[in-house]
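The values are calculated or read from the model by the stated rules, or taken from the named source; none is laboratory data. What you see is a predicted model, and the numbers here were worked out from it, not measured in a lab. Counting neighbours? That spans all protein chains shown, and the Cβs are built from the backbone with ideal geometry, glycine included.
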Amino acid sequence: MDRKDSIIGSDPAFVAILDHVSELAKLNRPVLVLGERGSGKEMVSARLHYLSARWDRPYVPVNCAAFSESLLDSELFGHEAGAFTGAQRLRKGLFERADGGSLMLDEVGLAGATVQEKLLRAVEYGEFSRLGGNQSLSADVRLIAATNEDLRKAVDEGRFRADLLDRLTFDVVAVPPLRDRPLDIPVLAEYFARGMVRELGWPHFPGFSRSAERELEEYRWPGNVRELRNVVERSVFRHADAETAVDRIVFDVFPGQTVVPPVEADGDDASGGFDDRVAALEESLIRDALAAADGNQAQAARALDLDYLRFRRVAKKRGLL
């Protein structure tokens, strides 16, 4: 985490989590951070470290999903020379490099059985061995694990060790999704917009139009803060006018697909066939929803109980966008 980064938010649901993290940071215990993708698990994990007494020691994050089991073993615990093909020299792992500080295990649920066993020993006794080695090593490391997976379900399915889950969960921090902290959406949107304005060299941020604000507020944000940042920065960039308010929110960056009409079977009149009737119904539903929402796509999608991106795909497919 860049120390210049800050966690932005004043919604009560989010402030309560930050207060909880501030208290947990004082304790030298493992913590599990839960949250959807893009919700801020990494920044909350870093906050646990930088508010702790270990703040001036290494903070080392690793994404367990980025490695095979053997490579993750080597990454975390190091390896001896000759441990595997290409291991020409001894290499210290992240546990040794994080000594005195904190090690953040992102997507910990994807660690394999061998790594889980070694993690359990490291958490319980502070001891581990390098891949290909027999010497017992030790490191003073606070573990912070993060995942968007239900690890209790993974335990029930035999994919995660119950004893390791017990050791990692002195306490659990559940980062709320962006849709559950609605007061933060306009604050974050303006923050990201101003960052893009500086990058573009504009003299000031002209703001969002009221219709654009409504779209931002009404969208469900399945990708959470990360998605909000991408959408806002893209929308400001494509607006390309430093003097007028941003009035179009670009949620979907992919161009619309060309619809190829179905080939009629020999002897069949497809004009009233199943596919045509489904298409007519979709077009009617979307047209009516857009009319009832005064053209607000996010509101129309919600009225039809559709994901926003799916709504746009279907609307484009039917020639309504």
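Return yes when Leu48 is within 20 Å of the chain's Cα centre (by Cα) and in a helix (DSSP H, G or I) and no when it is not. It is true that Leu48 is within 20 Å of the chain's Cα centre (by Cα) and in a helix (DSSP H, G or I).
Cβ separations smaller than 8 Å between residues 6+ apart or across chains give the following pairs from segment 41-52 residues that are over 16 Å from Arg226 (Cα atoms) to residues that are at pLDDT 95 or above and basic (Lys, Arg): His49/Arg142; Leu51/Lys26; Ser52/Lys26; Ser52/Arg142. Close Cβ contacts (under 6 Å, 6 or more residues apart or on different chains) running from residues in segment 207-225 that are in contact (Cβ under 8 Å) with a residue 40 or more places away in the chain to residues that are of a type in the set (Ser, Thr, Tyr) comprise Tyr219/Tyr308; Asn224/Ser39. Filtered by the rule that a residue be crowded, with 19+ Cβ neighbours inside 10 Å, in contact with a Pro (Cβ under 9 Å, 6 or more places away or on another chain) and in a helix (DSSP H, G or I), segment 214-224 gives Leu216, Asn224. Just to be sure, is Arg3 surrounded by 14 or more Cβ atoms within 10 Å (Cβ to Cβ) and either under 20 Å from the mean Cα position of the chain (by Cα) or modelled with pLDDT of 95 or more (or both)? Taking the combined requirement at face value, the residue does not satisfy it.
Taking residues in segment 271-291 that are in the same structural domain as Phe311 (by TED's automatic domain parsing) and basic (Lys, Arg), and partners anywhere that are surrounded by 14 or more Cβ atoms within 10 Å (Cβ to Cβ) and modelled with pLDDT of 80 or more, the pairs with Cβ atoms closer than 8 Å and at least 6 places apart or on different chains are Arg287/Leu320. Taken over segment 126-150, residues that are farther than 17 Å from Leu165 by Cβ, of a type outside the set (Lys, Arg) and touching a strand residue (DSSP E or B) at 6+ places or on another chain (Cβ under 8 Å) amount to 12. Quick check on segment 151-178: of everything there that is among the basic types (Lys, Arg) and surrounded by 14 or more Cβ atoms within 10 Å (Cβ to Cβ), which residue is nearest to Ile249 (Cα to Cα)? Among them, the one singled out is Arg159. So, Val187, is that one surrounded by fewer than 18 Cβ atoms within 10 Å (Cβ to Cβ), at pLDDT 95 or above and not in a helix (DSSP H, G or I) or not? No; evaluated as a whole, the condition is false for this residue.
Within segment 102-117, the residues that satisfy the criterion of being surrounded by fewer than 20 Cβ atoms within 10 Å (Cβ to Cβ) and of a type outside the set (A, V, I, L, M) are Glu107, Gly112, Thr114, Gln116, Glu117.
Scanning segment 119-129 for residues that are in contact (Cβ under 8 Å) with a residue 40 or more places away in the chain and in contact with a Ser or Thr (Cβ under 8 Å, 6 or more places away or on another chain), we see that the one that is nearest to Val173 (Cα to Cα) is Phe128.
This table checks each residue for (1) of a type in the set (Asp, Glu); (2) free of Cβ contacts under 8 Å to residues at least 12 places away in the same chain; (3) assigned by TED's automatic domain parsing to the domain that holds Thr85; (4) under 22 Å from Asp106 (Cβ atoms).
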residue	(1), (2), (3), (4)
Gly133	no, no, yes, no
Ser136	no, yes, yes, no
Arg142	no, no, yes, yes
Thr147	no, no, yes, yes
Asp150	yes, yes, yes, yes
Arg159	no, no, yes, yes
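Of all the residues in segment 235-250, those that are assigned to a helix (DSSP H, G or I) and surrounded by 16 or more Cβ atoms within 10 Å (Cβ to Cβ) number 3.
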